[in-house]
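These notes concern the structure reproduced below.
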Amino acid sequence: MLIKRRGQTCLIASTMALLVLLMMVLYGTTNSSVLKSDYQLLGRPLYKLDLSWPKNPEHFTGEIFGVAVNQYTGVVYVAQRGYNMPKVLVFNTDGNFLMSWNTTTLEMPHGIFVADAASGSPTVWITDVGNGPYGHCIKQFSPSGKLLQVLGTPGNAGSGLDPLQFDQPAEIFIHESGEMYIVDGDGGMNNRLIKMSKEHEVLWMHAEKGQGLAQFYIPHSVTVDNAQRVWVADRGNKRIQVFNSITGDWLGTWGSCFTEDAPYSVRLTPDKKYFVVVQLNTNQISLLDAPPVGLIGQCQVVNPSGLQPKHRAQILKKHTKCSYGSFNLSGGGTWVVCYD
């Protein structure tokens, strides 16, 4: 789904390229050549815009900066920015408006993630980059918008670990184990990748600004695969860095795919075979082969898609069900990709 945001595009350059979004399953093919031939045989495009989604686009009154989808319940959470408006809108995957969150504790959403989606108690995590009394922290909400807990020190930007502080935290990834991976520093004082336990203890961290190995300049998005590897969109350095999720050791870097523009968001398809990467300035979403266990190598593009931000509210979809993820694009858009 591509949900088009309204308003100026200047804030997009400082936000997640949710990003990203939110994912694809591509028929369980085994390699890129088979993938392409399958779709050629089907005689239809890989994606199509559904201009009828959502059915009530008038609910978009702000700037859309994040989307998360619970594929098990068919619920879509859309985070928007602006004054005197609900910060989260809730739809179903058919495009029907369900509700809004009228919470005053959320200032400026940046990243959004549905945790424990397959359980009976899913929650929604949102990173807040606002500069007011509730900003610079990460918040956990119930599906109906009740604030459950806060990570960080609301209203106080910083680099401390006790008490925990953030400065414009960009994104959070919650592993099924409950462990958390946070990229902290959407242009603020921090350039950190932090792994925390379910009990909120810091397990390991990389926190040095620079262009070297395990250094960052605006770490913007994070995801974890099934091979104990952490993938970070290192936006300012125009690369993706890879780390061991257990030890935090640096494993490799992808940069050859990002010579024209930086990766703003990185997400895995639900089958973990492909990465979906958004590049904001070139309006491009790319599908990259996920390397096998024990190999990082260099990135291989399977399918690039040029994006044309034309419509106020759109959805990019392929058939029915949805996974999670989000991507913000130049011109103001947020993608959620649906799959069979």
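Values for this structure:
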quantity	calculated
Count - residues of region 284-320 that are open to solvent by less than 60 Å² (accessible area, probe 1.4 Å) and modelled with pLDDT of 75 or more	12
Residue, farthest from Ser159 (Cα to Cα), within region 171-192, restricted to residues that are assigned to a strand (DSSP E or B) and out of contact with any Asp or Glu (no Cβ under 8 Å at 6 or more places or on another chain)	Phe173
Within region 47-106, considering residues that are closer than 15 Å to Thr123 by Cα and among the aromatic types (Phe, Trp, Tyr), the one surrounded by the most Cβ atoms within 10 Å (Cβ to Cβ)	Tyr77
Filter result (in contact with a Gly (Cβ under 8 Å, 6 or more places away or on another chain), part of a loop (DSSP other than H, G, I, E, B) and either aromatic (Phe, Trp, Tyr) or within 19 Å of Glu63 (Cα to Cα) (or both)) within region 107-135	Glu107, Met108, Val129, Gly132, Tyr134, Gly135
From Trp254, Trp335, residue being closer than 22 Å to Asp225 by Cβ, at pLDDT below 65 and among the hydrophobic types (A, V, I, L, M, F, W, C)	Trp335
Search result, residues across region 174-201 that are surrounded by fewer than 14 Cβ atoms within 10 Å (Cβ to Cβ) and at negative phi	Glu176, Ser177, Ser197, Lys198, Glu199, Glu201
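The values are calculated or read from the model by the stated rules, or taken from the named source; none is laboratory data. Just so you know, these numbers come straight off a predicted model, no measurement behind them. Positions of Cβ are backbone-derived with ideal geometry, glycine not excepted, and every protein chain shown enters the neighbour counts. The area values use the complete protein model at the heavy-atom level, side chains included, leaving out ligands, DNA and RNA. Shrake-Rupley method; radii C 1.70, N 1.55, O 1.52, S 1.80 Å.
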